[in-house]
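The values are calculated or read from the model by the stated rules, or taken from the named source; none is laboratory data. In this text the structure is predicted, and so the values were computed from the model without any measurement. Reconstructed Cβ throughout: ideal geometry from the backbone, glycine too, with neighbour counts over all protein chains shown.
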Amino acid sequence: MWQNTAMKRLNRILVLALAMVLLAAGLGLAACGDKGSKTKAKKAAGVLRDYYYTTWQAPSPDWEVRKVGVTKDNVVTVSAKISTKGLSKEIMKRSKLEQMQIARMACPAIGDKIWSSVDKEQPVGISLSGSAGHIINARCMKPD
C-alpha cells in the first residue's frame, strides 16, 4: 500500500519536473530570437516588394498584390486580392486546405531566384482577400 502511494507521488514529481523543463526550454527558445530579425524582415520585404511589382506573374488577371509589409512578429506579409466577385465566391466555397493552396499561388515559385535574396529563416506569408473581405492566410513554401 505504501509503495503505491510512494509511486504515485514519484510520478507526480517526475511529471511536474518534466513540465518545468519543457516550459523553461520553450521560454528559452522564444527568448533567443535573432536581434536583427526586424532588420532582416524589412530587407526581405523590400526585395519581395520589388519582385512583386516588377517580375511576378499573377495566376490570372483577377489577382493583384496590394501591399508587402512586415508584421509586429517580423513576418513578411504579402496582401493579395482577388478582384472579381465570382472567383472570390468560388474560393470561399473550398475547404481551408484548398484555400491555403490557392493563396500560395501568390508566392514566388520554390525554384525562383528571389529566394536567394531572402533569409532562409525569414517567414513569408500571403494574406488573401476577395471582394467580400479576408479569405485566408498561408505561409509560402521556401527552398531548403
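Numerical summary
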| read-out | value |
| --- | --- |
| Residues located in the range 78-104, provided they are modelled with pLDDT of 95 or more, aliphatic (A, V, I, L, M) and surrounded by fewer than 16 Cβ atoms within 10 Å (Cβ to Cβ) | LEU97 |
| Verdict on ARG66 being in contact with a strand residue (DSSP E or B) (Cβ under 7 Å, 6 or more places away or on another chain) and modelled with pLDDT of 95 or more | no |
| Enumeration of residues in the range 74-119 that are closer than 18 Å to ALA58 by Cβ, part of a loop (DSSP other than H, G, I, E, B) and among the hydroxyl-bearing types (Ser, Thr, Tyr) | SER83, THR84 |
| Complete set of residues in the range 35-65 that are polar (S, T, N, Q) and surrounded by 14 or more Cβ atoms within 10 Å (Cβ to Cβ) | SER37 |
| Residues located in the range 53-109, provided they are hydroxyl-bearing (Ser, Thr, Tyr) and out of contact with any Lys or Arg (no Cβ under 7 Å at 6 or more places or on another chain) | TYR53, THR54, THR55, SER60, THR71, THR77, SER83, THR84, SER88, SER95 |
| Top-ranked residue of the range 120-139 - restricted to ones that are outside any strand (DSSP E or B) and touching a residue at least 60 places away in the same chain (Cβ under 8 Å), ranked as nearest to VAL68 (Cα to Cα) | GLN122 |
| Sole residue being touching an Asp or Glu at 6+ places or on another chain (Cβ under 8 Å), farther than 20 Å from ALA109 by Cβ and touching a residue at least 24 places away in the same chain (Cβ under 8 Å), chosen from LYS89, LYS96, LYS85, LYS81 | LYS81 |
| The lone exception for VAL68 - which of (1) more than 20 Å from the chain's Cα centre (by Cα); (2) crowded, with 18+ Cβ neighbours inside 10 Å it fails | (1) |
